[in-house]
Structure formats: structure tokens, C-alpha cells
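Chemist: Mind having a look at this structure? Questions to follow.
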Amino acid sequence: MSDTADTDRHLTGEQLDAGWAASARPRDVGTVEMIVRRPAEDEREVLSEAQLVVGAGLVGDNYLARGSMHTEDRSAHPEAQLNLMNASAIDVVTGGDRSRWAQAGDQFFVDLDLSVDHLPVGTRLSIGSAVIEVSAKPHNGCAKFARRFGQDAARWVNRQKQERRRGLNAMVVEPGIVHPGDQIRKL
């Protein structure tokens, strides 16, 4: 799966708000809906199994090689090993087109309330047989997100920071295996 813009399917802010208002997000136990690996820039692979490793994130993802402009030496940001986005939010952004979810660039799409009030920094989550921890590094919609889903969608996910519509960053604290359909549970 490659990165492609699909401007004829971009939604307006009003459409996004309506879809979000109609969705429900489980609080303490949710489900892993999709797992995506990014083997290289703008490439996506939807996975049936993911291996999570402490310090490296998802095996086969380009997290370590990609680095970060937010570290002094441009190495990978230790608090951004994994990106999680709420499945309802990406479903709203894509107009219900699940085939477009991977374009967002997140590794995990989960059916769970990711809000700051519910999952403050430091909260641990079991995901499959692994344990991850919510990091302090914000996860924001960027220019690539806007190109893929439209300016209204980028503004919409970056609004209401407390809701974390764009999702959150996390770190692996206990290695393990994750499959679509596995539970994600607040510890």
C-alpha cells in the first residue's frame, strides 16, 4: 500500500464533527482493529501479527531508521515508538473507507477512548501480550495527513487536544505479540 492523496474524498469539518458525535469509544477494554507497519517512507503493510520490542517498537517498522527532527541528534524519538489512533476517528476521517486507514501512518488503530482524561501520560495498556505506556510526546496531524485527508481533517484531528483525535504516542515496556481482534486494556 503506498501513500496517495485522494482529494475527491476529503470531508468537511461539519461532516467530521457529525461522524465523531455519532461514534462510541469503549473506556477500559477495547479492541485492536488494524495493525500497520511502515517499512519505508510512504509505504504501508497491513499486518495479521505484530511483534513489539522494547526500545524498537514494532519489528519491521521504519521507526528507528526514520529518526526524528525533534531529537538533538536526529535519532528516533524514544517516546514515539508507536502511534495509536482511535478507530472511530480514522473511520470518520476516511468516510468509513477502511481501505484508507493505513494512509494515516499509525501502527495501531484501536477501538478505545484515547482521551487525555482517560489515558494520562504514564498510563500503561496491555495490547495483545505486550505492555505499552502512553508518552508525553503529542501526536499531531501534519502536512502529510492534510495531503492525504484534507485540510479540514487535519484541523479537526488537531482540535480538541484533550480528545486525542489524532491519537497518541507510546513506548513498549514489555515485549509481546499483537493481532487484530486482540484486546487493548487499561492497566
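Chemist: Over all distinct Cα pairs, what is the inverse of the mean 1/r for segment 7-186, reported as the Kirkwood hydrodynamic radius in Å?
Modeler: The Cα-based Kirkwood calculation yields 16.1 Å.
Chemist: Additional query: Nearest 500 deg cm²/dmol is fine: what mean residue ellipticity at 222 nm does the chain get from its DSSP H runs of n ≥ 4 alone, each adding -39,500 (n - 2.57), divided by its residue count?
Modeler: Dividing the helical sum by the residues of the chain leaves -4500 deg cm²/dmol.
Chemist: Here's a follow-up. Test of understanding: what is the full-extension gain from ARG27 to VAL173, defined as 0.36 nm times their sequence separation minus their Cα-Cα distance?
Modeler: In short, 50.4 nm is gained.
Chemist: Given +1 on the Cβ of Lys and Arg, -1 on the Cβ of Asp and Glu, and no further charges, what dipole in debye does segment 7-186 carry about its Cα centre, rounded to the nearest 20?
Modeler: The calculation lands at about 300 debye.
Chemist: Here's something else I'd like to know. Can you sort VAL157, VAL59 by how many other beta carbons sit within 10 Å, fewest first?
Modeler: VAL59, VAL157
Chemist: Quick check: net charge around GLU174, other residues with Cβ under 10 Å of its Cβ, Lys/Arg +1 and Asp/Glu -1?
Modeler: 0
Read-outs throughout are calculated quantities, based only on the coordinates presented, and are distinct from any laboratory measurement. In this text the structure is predicted, and so the values were computed from the model without any measurement. Positions of Cβ are generated from backbone atoms using ideal geometry, with glycine treated the same way; all protein chains shown enter the neighbour counts.
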